[in-house]
Structures are given as structure tokens and as C-alpha cells.
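Here is the structure we will look at.
None of the figures in this text is laboratory data; all of them are computed from the coordinates on show. Owing to the predicted nature of the structure, the values given are computational and were not obtained by experimental measurement.
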Amino acid sequence: MTTTILLSPYLHPYNNAQSLGAAIALGTGFSSNLIIFGSLAGIIVVEQAAGCGIKISFGSFAKSGVPVTLVTLLMAGLWIAFL
């Protein structure tokens, strides 16, 4: 959600409404992969793993989540720029 709020001022909906819609959808979707508490799905996965005896720490989740989030947001930003 923060990504969407930060990108929104740079998009002008009167020029291209598709860009704003894409930024909102992609920003909220991809940024939820950043940290465990970024989405309910992350919390559920960690809780399910704990039930099976697998511990996923905040740091280990972030080691994967941060690079994935940055790459996907970069790709989304480039795609939005070409809309």
C-alpha cells in the first residue's frame, strides 16, 4: 500500500488512467511480498510452516522477500512507463 501512495503523485490519471490503475494493483500486490507482515498470506504461510516444525524467521523471509519485491516492482514500473 505504501508503494501505491508513493507512486500516485507521479502519475496523472487525466493523461492515462490505465497507468494509475496498474500502479495501484501492482504496487499493493508486489509490495506485500516484502516482509512477513506485508500480507495476510505471509502470516498464514509462516504459521502453517511453524505447525509443521519449520521456523521461518523475519530475517530469512526478508532475504527472499526484499529482492523479489524490488525486482518485480522495477519490472512493473518499467511496464507502467510504457503504457
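Quick look at the numbers
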read-out: Amide H within-cut-off set for S32, under 5 Å, with H built and near neighbours excluded; value: none
read-out: Note, ³J(HN,Hα) from phi for segment 39-51, Karplus 6.51, -1.76, 1.60, rounded to Hz, x at Gly and Pro; value: 7, 5, 4, x, 5, 4, 4, 5, 5, 5, 4, 4, x
read-out: Overall Cα dimensions of segment 2-81, principal axis frame, Å, largest first; value: 52, 19, 16
